[in-house]
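Notes for the one structure printed next.
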Amino acid sequence: MLSVELHTHSALSHDGRDSVELLLEQASGIGLDALAITDHDEISASQRAAELAPEYGLVGITGMEVTSTAGHVLALGIDEAVPAGLSFAETLDRIREHNGLAVVPHPFQESRHGVLEHISKDELAEADAIEVYNSRLLTGRSNRQAERFARRRGLPMTAGSDAHIAEMVGQAVTKVDADERSVEAILDAIRAGRTTVEGERTPWRISFRQAAGGAKRRVQSRIGSFLG
């Protein structure tokens, strides 16, 4: 079984803080096998991480967190960026056109761009997999809802730390029964549902730091855009 982190953010995300190298160092240091950096509507940092990953003894999975009109969708293993602003169904289609796997993160958390505020459960079931454990939880209720939904519909299940700082990488991992240690084998195993999930809640102090840091960077970005 491989230990895979499928949901992280670098400084390229508007709410991320750390470099690709720091994320890779953390993943390697805690013994993960593979890492996907999934920045918001950006892919360049993830592509760089995938190139550098072998130097850290890791499999690098390209990815991004795409903002559809319904909410967020993780695009894993894609060969080019998927544009934001498409419908949920169109987003799934584009991800697959780019040889990717479409995973819906925190679908029941409407406050965090979970898609179920805007689509039906039948539409959600069209995804390739459901993130059933996200470490940035408040009560755990939305994670339990996601897991029950995935089990009822027979959908593959994943976990993700949703780390916005390096020290939280690996807080939640997907254990993947892959045939070999490669991107293709990992994604094929997830599609086939050969996964289990493990995770722990992101500590409140870390969640607060992540949120505060993200808000500060967004304000700085807006000021810079205005002055520019």
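The values are calculated or read from the model by the stated rules, or taken from the named source; none is laboratory data. Everything numeric in this text was worked out from a predicted model, so none of it was measured. Here the Cβ positions follow ideal geometry from the backbone for every residue, glycine too, while neighbour counts run over all protein chains shown. Each accessible area value is taken on the protein alone, full model and side chains, heavy atoms only, with ligands, DNA and RNA left out. Shrake-Rupley method; radii C 1.70, N 1.55, O 1.52, S 1.80 Å.
Look at the stretch 16-29 and say how many of its residues are open to solvent by 50 Å² or more (accessible area, probe 1.4 Å) and assigned to a loop (DSSP other than H, G, I, E, B).
1
Out of 160, 114, 170, 100, I need the residue that is out of contact with any Lys or Arg (no Cβ under 7 Å at 6 or more places or on another chain) and on the phi > 0 side of the Ramachandran plot. Which one?
170
Since residue 95 meets every condition but one in (1) open to solvent by less than 10 Å² (accessible area, probe 1.4 Å); (2) farther than 24 Å from residue 136 by Cα; (3) part of a loop (DSSP other than H, G, I, E, B), which condition does it not meet?
(3) is the only condition that residue 95 fails.
Quick one: how many residues across the stretch 72-92 are under 22 Å from residue 136 (Cα atoms) and touching a helix residue (DSSP H, G or I) at 6+ places or on another chain (Cβ under 8 Å)?
Going residue by residue through the stretch 72-92, those that are under 22 Å from residue 136 (Cα atoms) are 72-76.
Cutting the leftovers down to touching a helix residue (DSSP H, G or I) at 6+ places or on another chain (Cβ under 8 Å) gives us 72-73, 75-76.
Looking only at that region, the number is 4.
Results for (1) in contact with an Asp or Glu (Cβ under 9 Å, 6 or more places away or on another chain); (2) in a helix (DSSP H, G or I), shown as yes or no for each residue.
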position: 170; (1), (2): yes, no
position: 180; (1), (2): no, no
position: 184; (1), (2): no, yes
position: 188; (1), (2): yes, yes
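Can you spot a residue in the stretch 30-50 that is of a type in the set (Ser, Thr, Tyr) and either buried (at least 24 other Cβ atoms within 10 Å of the Cβ) or modelled with pLDDT under 95 (or both)?
Yes, some residue in the stretch 30-50 is of a type in the set (Ser, Thr, Tyr) and either buried (at least 24 other Cβ atoms within 10 Å of the Cβ) or modelled with pLDDT under 95 (or both).
Could you list, in sequence order, all residues of the stretch 169-186 that are open to solvent by 10 Å² or more (accessible area, probe 1.4 Å), farther than 15 Å from residue 53 by Cβ and in contact with a Gly (Cβ under 8 Å, 6 or more places away or on another chain)?
171, 173
Examine the stretch 57-71 for a residue that is modelled with pLDDT under 95 and either open to solvent by 50 Å² or more (accessible area, probe 1.4 Å) or assigned to a loop (DSSP other than H, G, I, E, B) (or both), and state whether such a residue exists.
No, because not a single residue in the stretch 57-71 is modelled with pLDDT under 95 and either open to solvent by 50 Å² or more (accessible area, probe 1.4 Å) or assigned to a loop (DSSP other than H, G, I, E, B) (or both).
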